[in-house]
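Below you'll find the structure, written out as structure tokens, and then a few comments.
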Amino acid sequence: MEKINNEYLIHSALDAIHDGIVITDETSRIVYANPAYTRILGVRLDKILNRKVSEIEPTASLLTVLKTGKPILQERTRVDSLNMDIVSTITPIYKNGEIKGTVAIFKNVTEAMELTRALQRMEGLAHYLQEELEKTKELPHSFDEIVGRNHNFVESLTLAARAAASDTNVMIRGENGVGKEVIAKAIHAASNVCRGPMIRVNCSAIPENLLESELFGYEEGAFTGARKGGKVGKFELAQDGTLFLDEVGDMSLLMQSKLLRVIQEKEFERVGGTRPIKVNVRIISATNRNLEQMVREGIFREDLYYRLNVVPIFVPPLRERKDDLLLLIEHFLSQQKEKTGKAYHISEDVMQIFYNHDWPGNIRELQNVVEYSTVMCTGEVIQPEHLPPYFSAVKRDPQSVERILSANHQQQEQEDCDIPSPEQVPRLKDRVAEVERETIIMALRAARYNKTEAMKLLGISRKSFYRKLKELDIET
Ligand SMILES: Nc1ncnc2c1ncn2[C@@H]1O[C@H](COP(=O)(O)OP(=O)(O)OP(=O)(O)O)[C@@H](O)[C@H]1O
Ligand SMILES: [Mg+2]
């Protein structure tokens, strides 16, 4: 009774397991298959029970196990007809050293495999995207001339390089002399329209009544004083290229609305003309003014702002990237050298002054100061007295130099400091004698001036010990 109960329990347990289980005898006849097996493999129990695997599936791994007597562990099979991935483990059953049958366990791993495959695809995609990203990190050659390694500055350049590849309108923001135009040129040179011209319009330098004809040109006889044959405007000149609207924040509201119309309609007429001219130009604009504030105050059109400001690029002022000072100075000094053939260096005092200066005129100011000082300097090293007079008010504070340098140049500075001067190098003989003397005295003290003990500590013979005492003039 007990035995029957146990068999019932074992049978029910096998039936309840979620992995497929098949038991065969030594002739491969299926003596048991649980419901999970029939479910996983999509077969009916009455179709397989008591039948031999060798007849149902002559290539089954189970037959190999019966033949070799060795188990097959975790074998993965793809059952294409069922669109299923299965992992099977087939173990021989022995009695008294003889094979009596096999038990096979089948796990449906389709879902896990699908996840694995999806993961592999994602990994491949991530790898591809990473590679693409690495590529964009490298700036186009047109950016080579732009000096600077400051983190924020390089980020702005990276954004500019990305924007260059698209046709979107770019707005370059930054104080006077930070290099807005330099960046605009690099963007144009790296863009799809690089073969076309880049035409600059300084919107602040042109009186409002002239700006319109400057931008759009005019027909002959458009107004009194109009040139014979009319005039081609900057928009036409920039056809298939870039129109660089410098100081766009200084444009009058009237001009702003005319500009907006052209951008929206992609065509315009010359002043005094009726023939519409199609425009195909990429617009890069630049300003040092707070456009958002101007929009709030109603002196800059919001709609134009959004049209021009598709990709805003902020260029940091020099006082926020003083870690680039040395690099920039070297750049401008080598430019001077090309011009004059003379090499100059900057003294430590001048560097201190430079690090303490706020540079309101940014890179342009630095460029001018370097040029000025090379003109004033008769020797090779530029000293504080060679700087423009307004620098006499800038204080010298060696510590601030260190503070600023610590960001980027610390390592290089450190290396420079580590290089000893020739006078610092001792003669080897003297140095060795010094070390020997110190060591012998140390040994003597440790041995409480017992000489035999001291020579033992030093690991030298009695003879050499006494010779050293004499040579080094050590009293005992
Ligand atoms: N990163 C840089 N590397 C080398 N030279 C630079 C860099 N930035 C600016 N310059 C130089 O500094 C000067 C000023 O640059 P640029 O005219 O582009 O500034 P800007 O922002 O347009 O100034 P502004 O607002 O006055 O128009 C130029 O002579 C330019 O060559
Ligand atoms: Mg400029």
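Summary table below
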read-out	value
The chain: antiparallel DSSP beta bridges as a percent of all, rounded to 5	60 percent
Overall form of segment 161-244 per C-alpha gyration tensor (a/c, 1.5; a/b vs b/c)	oblate
Calculated from backbone phi, Karplus (6.51, -1.76, 1.60) coupling profile of segment 316-326 in Hz, x at Gly/Pro	x, x, 4, 5, 9, 9, 5, 5, 8, 3, 4
Sorted peptide list for 20-32, 372-384, criterion being average Cβ within 10 angstrom, highest first	20-32, 372-384
Unit Cα scatterers, Debye sum, segment 190-286: log10 I(q)/I(0) for q = 0.10, 0.20 Å⁻¹	-0.25, -1.00
Where the Cα pairs of segment 247-287 fall when distances are cut into 10 Å bins, in %	25, 54, 20, 1
Between segment 311-345 and segment 229-284, the Cα center-to-center distance that results, in Å	35 Å
Calculated from backbone phi, Karplus (6.51, -1.76, 1.60) coupling profile of segment 191-198 in Hz, x at Gly/Pro	9, 5, 9, 5, 6, x, x, 10
Value of relative contact order over the chain, rounded to a whole percent, pairs C-alpha under 8 Å and six or more apart	10 percent
Values of log10 I(q)/I(0), in the order q = 0.13 Å⁻¹, for segment 255-357 under a Debye, Cα-only, solvent-free model	-0.74
Point-charge dipole on Cβ atoms (K/R +1, D/E -1) for the chain, about Cα centre, debye to 20	1380 debye
Approximate spin-label separation A343-R289, in nm, with each point projected 7 Å along Cα-to-Cβ	4.8 nm
Euclidean distance between Cα centres, segment 33-104 to segment 456-476, Å	87 Å
Between helix 428-446 and the chain: long-axis angle, C-alpha atoms, 0 to 90°, nearest 10	60 degrees
Extreme residue, positive dipole direction of the chain, given options V370, L333, P276 (C-beta unit charges)	L333
Fully extended contour minus Cα-Cα distance, from L9 to V31, at 0.36 nm per residue	6.2 nm
Amide H contacts under 5 Å for S285, placed H, 5+ residues apart	V170, M171, I172, L245
Alpha-carbon spread of segment 2-111, three principal axes, descending order, Å	44, 30, 25
Kirkwood hydrodynamic radius of the chain, Cα pairs, Å	32.4 Å
Assigned charges on the beta-carbon of Lys, Arg, Asp, Glu; segment 428-471 dipole about Cα centre (debye)	240 debye
Cα-centred dipole magnitude for segment 308-392, charges only on beta-carbon of K, R (+1) and D, E (-1), debye, nearest 20	240 debye
Residue (of H345, L45, V31) at the positive-pole extreme of the chain, dipole from beta-carbon charges	V31
Under-28-angstrom lysine pairs by C-alpha in segment 2-111, whenever the two are 8 or more apart or on separate chains	18
Length added when fully stretched, N202-Q130, from 0.36 nm per residue minus Cα-Cα	21.9 nm
Long-range HN-HN contacts of G241 with modeled amide H, under 5 Å	R282
For segment 141-316, convex hull of alpha carbons as volume per residue, Å³	115 Å³
Most positive-pole-ward Cα, V87, L62, G459, against dipole of the chain from beta carbon charges	L62
Amide H contacts under 5 Å for M84, placed H, 5+ residues apart	V79
Extension gain, E423 back to R149 (0.36 nm per residue minus Cα-Cα distance, nm)	95.1 nm
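Here, each number is a calculation from the coordinates, and none is a lab measurement. Computed from a predicted model, the values in this text were never measured in an experiment. Glycine gets a Cβ as well: all are built from the backbone with ideal geometry, and neighbour counts include every protein chain shown.
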